[in-house]
Amino acid sequence: MAKQEGIEMEGVVTDVLPDRMYRVELENGHEVLAYAAGKMSKFKIRVLTGDRVTLVLSPYDLTRGRIVYRHK
């Protein structure tokens, strides 16, 4: 079975939680729980409250996502 592609969206980090977890408010007003992608940790890219980010949502659970890019 092929792996499903995620849904890419943009949002703003509203809260930094323990264990590299973040609460992100999407452009459409929904709030999701997201974690930083492995490459962001590898290259020590820090995500802070108020940062604009791009995240990928799972097609199975739209309340959780993975942060893949922090906008400058």
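Every read-out reported here was derived from the displayed coordinates using simple, explicitly stated rules and does not represent laboratory data. Everything quoted here is computed from the prediction, not taken from an experiment. Neighbour counts run over all protein chains shown; Cβ positions are idealised from the backbone, glycine included.
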Using label points projected 7 Å from each Cα along Cα→Cβ, tell me how many nm separate A37 and S58, to one decimal. 1.8
Report the one residue of Y60, G38, G11 whose Cα lies farthest in the direction of the positive end of the charge dipole of region 7-70 (charges on C-beta: Lys and Arg +1, Asp and Glu -1; origin at the Cα centre). G38
Quick check on the chain: what are the equivalent-ellipsoid semi-axes from the Cα gyration tensor, as sqrt(5λ), descending, whole Å? 18, 15, 11
Please order H30, H71 by the number of other Cβ within 10 Å, starting at the fewest. H71, H30
Which value, in debye to the nearest 20, describes the size of the charge dipole of the chain about its Cα centre when Lys and Arg Cβ atoms bear +1, Asp and Glu Cβ atoms bear -1, and nothing else is charged? 520
Do the sum for the chain: with -39,500 (n - 2.57) for every DSSP H run of n ≥ 4, divided by all residues, what is the mean residue ellipticity at 222 nm, to the nearest 500 deg cm²/dmol? -1500 deg cm²/dmol
Most exposed to least, judged by fewest other Cβ atoms within 10 Å, Y22, Y60 sort to Y60, Y22
